[in-house]
Every structure is written in structure tokens, then in C-alpha cells.
Amino acid sequence: MSRYLHEEREPGQRRRRRGRVLGRGAAVIAAIILTAAANILWLLRESAILDSATGAAAVIAALGLAGWLFFRKSAADDAAGLAQHRAEQEAETRRDLQQSEARFRDIADVAAELIWEMDAQHRFTSVVGDLRNIVDKNGTPIPATLGKTRWELAGADPETDPLWRRHKADLDAHRPFRRFRYRRPAPNGTYFYFSVSGKPVFDAEGRFVGYRGTASHENEIVEAQARAERAEALLRDAVASVSEGFVIYDEEDRLFLCNEAYLRLYPESVTAMVPGTRFEDILRAGLGAAQYPAAKGREAEWLAERMRRHRELSEEHEQLLSDGRWVLVSERRMANGGTAGLRIDITALKDVQASLRESQAQLNEAQRVSNTGSSVRDFQTGKIVWSDQLYRIFGLSRQGSAPDFQTFISLVHPEDRERVGSTVKAALAGKDSPSLQYRIIRPDGAIRWVYREAKLSYAADGQPLLLTSTYKDITEQQIAKQRQAELESQLRHSQRLEALGTLAGGIAHDLNNTLVPILALSTLALRLLPADSPVRDDLAIIITASERARDLVRQILAFSRKQELDKQQIDLRAVTREALSMLRAGLPTTVRLVEHLADVPPIFGDAGQLQQVIVNLVTNAAHAIGDRTGTITVTLAAIAGAADAADAKLCLSVADTGCGIDAQHVDRVFEPFFTTKPVNEGTGLGLAVAHGIVAGHDGSIGVRSEPGKGAEFTIVLPAMRRMKDAAGCDRTAA
Amino acid sequence: MKKVLIIDDNDAVRSTMARILDLAGYATVTARDGNEGLARMRSEQPDLIITDIIMPEKEGIETIRLILAERPDAKIMAVSGGGRHGTMDFLSAARKLGATEVLHKPFEPDDLVDRVARCLKAA
């Protein structure tokens, strides 16, 4: 440090002042020391640099400086010299002064200040202290300073520069000055900044001899200030340039700073947004102007909640404003205890979210209405997403089931699983797959038909990106299709029967007319012939043949439903019992006939024709058993109506333990002239007749058979409905 | 002797029925269709009219209606070998129109005689 500490004094002047000190008395010396100390203290106090922390050091420095100044001043004032006899005291005093000077140097070194003196022409005569910066703009060091005025050093002209004009006026008027700030050119186009304080100095006679004072380097302060100003300007610029609303509340929660965007967001409370206003009061102003729709009618509660959030800074939250805009409110605590807040206008985002939600809802609804679900597989993430409707189609809950291949394939009907599995796996492997139709079994056991289509989309490099599949529940269509196929089959069947019936009806009429004379006249002729006539046998054969022909025509009429039915209220149990008692006599002993005949409601029917049905079925059953031992079980029961009691039906079944019917024949057994019996053992009309009669009673007949184990024919007939059948009589009965 | 009018378009049937009833002791007159039958009814005043249902010119159902319009107390027996046509059940219709008896073709001679006797008895 000491290399920076210089004393500058012109050699001639120094010698002159040294000489003078010898001629002064001790009292004068002491007075001067005190005066000098006071001056220095004053100067130091005036200095902008002196603060409380360095106060003590400054006092010490002042004392040291005072001693040093005394040494110089007494030398200047005492030109004549003092008596030789006091040389000893002088020598002692000099030593003291030298010590004092040494102390001062140390302190001045530490204080890093400049102390200067100027002559009556305001030219520097002395500069001492930290001289680091005391170089001119060419880098030339300190000697250049001495003998020049301050404005010369600053490169300024007091004639033209108002600052310097004022300063020079002060000096010319010998007025003390404080903290005069100026700058001096330095190398590289920079400046030295000084803060200078000074006081005029007068000699014992009161003549102005110059100025004395301190100077402090202000470069660091100026630079710090400039940096602070730049930082603040930068902050303000940054805040202003943020497109989102930005606000800072101080540690007392008062508005410190906000940008235009913030003000624009809250136009209703903008008048309250004056720096210094508390956050809560700004909120109240907004509430008063109905700024927050969510607060309507519950302002106090809303305010408490908002303040709680503001205090706790718990989470970001969304805020709806009265003009319909949505704002995301985000607040953070700052290190100084204040709050920095950001308000982001998310109206567009909310709109997009809303329209996204809306289109999602529309998609869901469309899927629901069309009963079509969808799944999307992302090949890069492996993630699979199933739509709500797909879960519904599969009968699964979103919570209970992972949307993966395993879950899916376990739902597929075992018979379809291999076909579906291989196709879906191919699709998952990035290969196009054809559309599929298959069954699934829901967890509740319901079987649904599903139509699946899949579409792969590819990335630019040809890699599969997404697999989008749609699943349409086509169960209803499938059922309808099956039903339609059945109906078509029934229609074809009934059309065939109808055609046969029409044909049969026409033939029957003519045949019956033809048979009238054959049968009647043969009978008459037989009666008229003598008992031993050889023609009798011939006539008998004619009669038998005619009767067969007559029966055949009747059967044809029966299956073709061209037969006339004589319907009346009958007890089917009685009718059945009668038919069975008639049949029992004709059955072989190896065949056991079992009856389970329940008491049933009456039906409206032709007893004779229904007996014919029973006869045909039981006869058929007996033929199926053949020579073996077997059982024929005839069961009659009532079936409760699905809708009400009036809807009741009767079920009559004939089951046997015979040979059964081959699967390929089951569908054809009711066709006329279809028979599996050997030629001459059956006409092939028995079951066709039964079918025709049952149909003529608005009933149905079906068969179930297990080849080798037997067959069961089941007839379902509607029970008689009193009110309706009173009218029905006219329509269907004789 | 009771007189029976037989209306049937089939010659063989007509003559067979006449033969049976002749043998059974009835007087018989015949007609080959409804129009002729109505004329015969007026001229012969039969005790019983037997009519076929399906006939050319004037078929049986219409004939029965016209007979009963003229003679509400006429005894009629409808005979048919035709079964049903569509929903039409001829013999049921005949009975409903007022025919006393119906008979399916073909029939035994005794059947015819029994029914004729029954008709005439049911006065």
C-alpha cells in the first residue's frame, strides 16, 4: 500500500516552511495543532466516504493529520525562527511530529482517501493518499496534477460549463463546498469520478491562502450505481416485455411493481393498482366491480379462499374473469418475503380444452349410438387405449381391466379364438389385417357378435406407427339375420307346402268325386250279389282299394291344410287319453307306453284331427323302436304364459327310445312323402299330416333327436282364450 | 214318398246318389248346377235338397243362399269333396248359412241314407 502514498510538495516551499517552524512558541504550536485537528475532523466528516464504521479510524487519522499539518504549518508561519535555547524542545516536538506523521501515513493509507491543498489561484499544491487513479488520460502519473486547477484536470472550461462555473464561483468567493462531484478523463475513454469537499484557508492575518480538503474515488460507487440503474431498467424492461401479467408484492403484501399486461387483465380494479396498495384491497376493489364471477353471492368466502391461496402459495389455480377470460394464477415467494405473481391468459387453452372435451364427448356419444368401440395402439410406446364404448361392448369396466391383448383374446369365443388371435397378432406385428367377424363372451356369459376393422398408419420411414381398430357390436343385426334366414326358410317351406296344398286340393276334389260312385256302387253291388257269387271278392278288393284312395286323399288334404277342421272347445287330456287307449291295443308288448298327462286348460280344436296327430306320432315312435324293447312316453303339460295367464300354452310331447333320426334327416321329417322307412311300410305322410293339423290349430311342432337313443316330438298349442275365441269361432270353426 | 232334389255337376256322383236314395225308397230329381237346381226346386217342391258345393255356373254356397231366400224352411244337405280353399271352409260355411247337414265325399251308401233320414226327421 505504501508505494501509493506520496507526499508531494515543491522542494523550495518545503524548505521555506521548515525554516519558519523554528521561530514559534509552544502555546502557538498547541493551538495550531488543535485547529488543524478540528479542520481535518470537519473535512473527514464532510467526506461522503466516511461512515460510522470507520469513524474511530477517522478520528485517529484526523489527529495524526493534524500533527503533520502542524509540523508544516508552523514551519510556514515561523520564518524568523525561535530562540536557540528552545532547540531541545523543538527537537522533541519534531520527533513527536515525525511519529505523528508516520501514524497519519498509515491511517491515510488504510482510509484510502485523498487529501489535497490548493493555493489562492486554485492550483493544486499538495495531494496525498491513494493515488492509484491519479493519472491523466494518457496514463501519465501524478506530477501532472500539481500546479493545475481542478477544471484543467477535468478538461473543462468554467467559462462555458455551468457545473464548473458554479464551482469556480464558490472557490473565487472562498466559500467552503461539499461533495462536489466531477469526473476526469482516464485512459481508454473512461473517467475517474471524484467527490470533493473543501474549505478555504486563511493565514493569521486573515488573508486567503488557498483551499484544503478531501477527495474520494467514486468510480466504484458510480459504477455500482450505474449497474443498479441498468439492472433496474433491465428488470422493468423485462417485466414490461413479459406478455403475461407480472406483479410483485412486497414483504408487506403491497403492490410494488406490475406490468401493463397485468393491468389489462384486471381492468375493473386497475384504479386500485397503485404501488403501495395492499393485495387484499386490490382484490376487494375487483370484488366490488364484480370482476370474479366465481365470487358472485359469496364474496367473503371467495376472498378468504383467495387470500389463503395467496398466503400459502399452495398451487397454481385457474380464475375466470368477468369478461369471460380465463387466467392461470401462479405465485411464488421471493427471498425478501415479497410475492412474485404471474397471470397467464389461458382463455384460448380453455377454449381448446373445451372443444376437445366436446369433441371427445361427441365421439363417445357417436360411438355409443352406433354401438362402435375403438382401440388405438401406439407402436412406439406400446400403449393401448380403449374407448368407453369398447369397454361397454366387451362388458368390462375401465377400472377392472387392462386394455391389452390378453384381456381381449380371453373374451373371444373359443371357436373363434385361433382365427382372431392370428389376425390380431399379424396386425400388432405391423401387417395389414382383413376385417373380422367373431363372437365374444362377456364376463356375464352373454355372447356378442363383433365386427372388427383395423387400419395401420405408418411413419415417414415406413415403420408402423398406430394401429387403429374399430369394433362394432353387430349382435342385433346378426340375430336379425339369423331370424331372417329362418323366416326365409319357413317361407320357402310354407310356399312349397302351399303349392302342394293347392295342387292336392284340386286333385282331391276330383278324386273324391271319382271315388263316390266307385265306393258307393261297389258297396251297393256287393249287397245285391248272392252270397256265393264269385264276384264278391273282386268287389271287396275294389272297396278296400277305394277306401285306401279315400284315406290318402284325406291325408294329403290334412298336411296341406286344405282339410276341413271341425273345431270346438275340447279337453286335450281326454282326447289324448282316448287316442292312447286306442293305440295301446295295437302296440307290441315289447313297447311300454307311459302317460304323464296333466290337467290342462281347454283348447279350441278338432278332436278327431288331433287324435290323428297323436296316432301318427305314437305309431311312428313304435316303428322307431321296432322289434326291440323300448318306451314311449307321452307327456301333456301347461306352459304359463309369458305375458299373462291368457297367453298360456299346452305342450304335448311324444318321446321314444327308438333308433332316433339322423342329423341330416331331422330338418326334413315333416316334408310330405319323406320317409326313411322301407318301401310299402309308410306313406311318408304321417308327420306331414301331423304338421298340417298342428299348424291348422295355430300351433307348432318340433323334433329333437339323438341318433341311436331316440327322438322326442313336441307340440305346442295355444290354450283357449274365452273372450277372443268367442269371436274366433266364427272365423275358424264350422 | 219323400222327394229329394240332388244338385251336382258330376254325372257319376249325381246318378250314384240318386241310385242309393232310390233303393232306400226316396223319390229323386236331379239338377247339374245351381240354376237348374233352383228351377227344379220351384217345380218339384222337394222335401230335401242335396247340393254339391263346387260347381260351374252357380256354385253351392250361392245356391244355398238363394234356396233359403225363397224357402226359409227348406232342408238342405251340403256335400263336398273339395276341402278348403284359402281361408274358405265350404262345409262350415254351408252349415253356417243354414244347411241342416253336411257330408264329405266320398261316402258309404249307408252314410248318405242315414243323413238324409236324419235331415227329414229334423223338422
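Points to keep in mind about this one:
- Condition met for A:Leu593 (more than 11 Å from chain B (Cβ to nearest Cβ), of a type in the set (A, V, I, L, M) and either in contact with an Asp or Glu (Cβ under 7 Å, 6 or more places away or on another chain) or not in a helix (DSSP H, G or I) (or both)): yes
- Filtered residue count, the range A:526-536, keeping only those that are loosely packed, with under 13 Cβ neighbours inside 10 Å, among the hydrophobic types (A, V, I, L, M, F, W, C) and within 12 Å of chain B (Cβ to nearest Cβ): 1
- Among the residues of this structure, A:Ala719 counts as one that is surrounded by 16 or more Cβ atoms within 10 Å (Cβ to Cβ) and modelled with pLDDT of 85 or more.
- A:Val239 being among the β-branched types (Val, Ile, Thr), in contact (Cβ under 8 Å) with a residue 12 or more places away in the chain, touching a Cys at 6+ places or on another chain (Cβ under 6 Å) and crowded, with 17+ Cβ neighbours inside 10 Å: no
- Against the numbered list (1) farther than 24 Å from A:Leu557 by Cα; (2) free of Cβ contacts under 8 Å to residues at least 40 places away in the same chain; (3) in contact with a Gly (Cβ under 8 Å, 6 or more places away or on another chain), B:Ala78 comes up short only at (1).
- Residue in the range A:308-315 that is outside any loop (DSSP other than H, G, I, E, B), in contact (Cβ under 8 Å) with a residue 12 or more places away in the chain and in contact with a helix residue (DSSP H, G or I) (Cβ under 9 Å, 6 or more places away or on another chain) present: yes
- Here A:Ile221 fulfils each of the conditions (1) in contact with a strand residue (DSSP E or B) (Cβ under 8 Å, 6 or more places away or on another chain); (2) within 17 Å of A:Glu331 (Cβ to Cβ) apart from (2).
- Flag for B:Ala27 being without any contact (Cβ under 8 Å) to a residue 60 or more places away in the chain and more than 14 Å from chain A (Cβ to nearest Cβ): yes
- Residue pairs whose Cβ atoms lie under 8 Å apart, separated by 6 or more positions or on different chains, with the first residue in the range A:174-192 and part of a helix (DSSP H, G or I) and the second of a type in the set (D, E, K, R), are A:Pro187/A:Lys137.
- Counted residues, the range A:260-285 - those being within 32 Å of the chain's Cα centre (by Cα) and assigned to a loop (DSSP other than H, G, I, E, B): 1
- The single condition from (1) modelled with pLDDT of 90 or more; (2) more than 10 Å from chain B (Cβ to nearest Cβ) that A:Thr523 fails is (2).
- Just one of the listed residues (A:Ala508, A:Ala579, A:Ala545) is assigned to a helix (DSSP H, G or I), farther than 30 Å from A:Gln367 by Cβ and within 12 Å of chain B (Cβ to nearest Cβ), and it is A:Ala508.
- Count of the range A:650-670 residues which are in contact (Cβ under 8 Å) with a residue 40 or more places away in the chain and in a helix (DSSP H, G or I): 1
- Count - residues of the range A:422-443 that are in contact (Cβ under 8 Å) with a residue 12 or more places away in the chain and closer than 20 Å to A:Thr372 by Cα: 13
- Test result for A:Val703, touching a Lys or Arg at 6+ places or on another chain (Cβ under 6 Å), closer than 29 Å to A:Val553 by Cβ and modelled with pLDDT of 85 or more: no
- Residues in the range A:439-461 that are hydroxyl-bearing (Ser, Thr, Tyr) and either under 29 Å from the mean Cα position of the chain (by Cα) or crowded, with 18+ Cβ neighbours inside 10 Å (or both): 2 in all.
- Restricting attention to the range A:476-486, the residues that are of a type in the set (A, V, I, L, M) and surrounded by 11 or more Cβ atoms within 10 Å (Cβ to Cβ) add up to 2.
- Test: residue in the range A:571-593 that is modelled with pLDDT under 85, within 30 Å of A:Cys651 (Cβ to Cβ) and polar (S, T, N, Q): no
- Subset tally (residues that are more than 10 Å from chain A (Cβ to nearest Cβ), surrounded by fewer than 22 Cβ atoms within 10 Å (Cβ to Cβ) and either modelled with pLDDT of 95 or more or in contact with a helix residue (DSSP H, G or I) (Cβ under 7 Å, 6 or more places away or on another chain) (or both)) for the range B:1-17: 2
- Among the conditions (1) more than 12 Å from chain A (Cβ to nearest Cβ); (2) among the small types (Gly, Ala, Ser); (3) free of Cβ contacts under 8 Å to residues at least 12 places away in the same chain, the only one that B:Gly37 does not satisfy is (3).
- Hits in the range A:355-387 (condition: among the aromatic types (Phe, Trp, Tyr) and modelled with pLDDT of 90 or more): A:Trp386
- Residue pairs meeting the criteria (Cβ under 8 Å; at least 6 apart or on separate chains; first over 30 Å from A:Ile543 (Cβ atoms), in the range A:488-517; second aromatic (Phe, Trp, Tyr)): A:Leu497/A:Phe559
- Top-ranked residue in the range B:76-100 [being part of a strand (DSSP E or B) and modelled with pLDDT under 75; ranked as farthest from the other protein chains (Cβ to nearest Cβ)]: B:Met88
- Among the residues making up the range A:599-625, those that are under 20 Å from A:Arg704 (Cβ atoms), without any contact (Cβ under 8 Å) to a residue 40 or more places away in the chain and either of a type outside the set (Gly, Ala, Ser) or out of contact with any Asp or Glu (no Cβ under 9 Å at 6 or more places or on another chain) (or both) are A:Val618, A:Ile625.
- Selected residue (only one of B:Asp110, B:Asp73 is at pLDDT 90 or above, more than 13 Å from the chain's Cα centre (by Cα) and within 14 Å of another protein chain (Cβ to nearest Cβ)): B:Asp110
- Residue check: A:Pro403 meets all listed conditions (1) in contact (Cβ under 8 Å) with a residue 24 or more places away in the chain; (2) farther than 27 Å from A:Ala459 by Cα but one, namely (2).
- Of all residues in the range A:316-357, those being touching a residue at least 60 places away in the same chain (Cβ under 8 Å), surrounded by fewer than 14 Cβ atoms within 10 Å (Cβ to Cβ) and of a type in the set (Lys, Arg) number 0.
The values are calculated or read from the model by the stated rules, or taken from the named source; none is laboratory data. Predicted model, so just to flag it, every value in this text is computed and none were measured. Please note: Cβ atoms are built from the backbone with ideal geometry, for glycine as well, and neighbour counts cover all protein chains shown.
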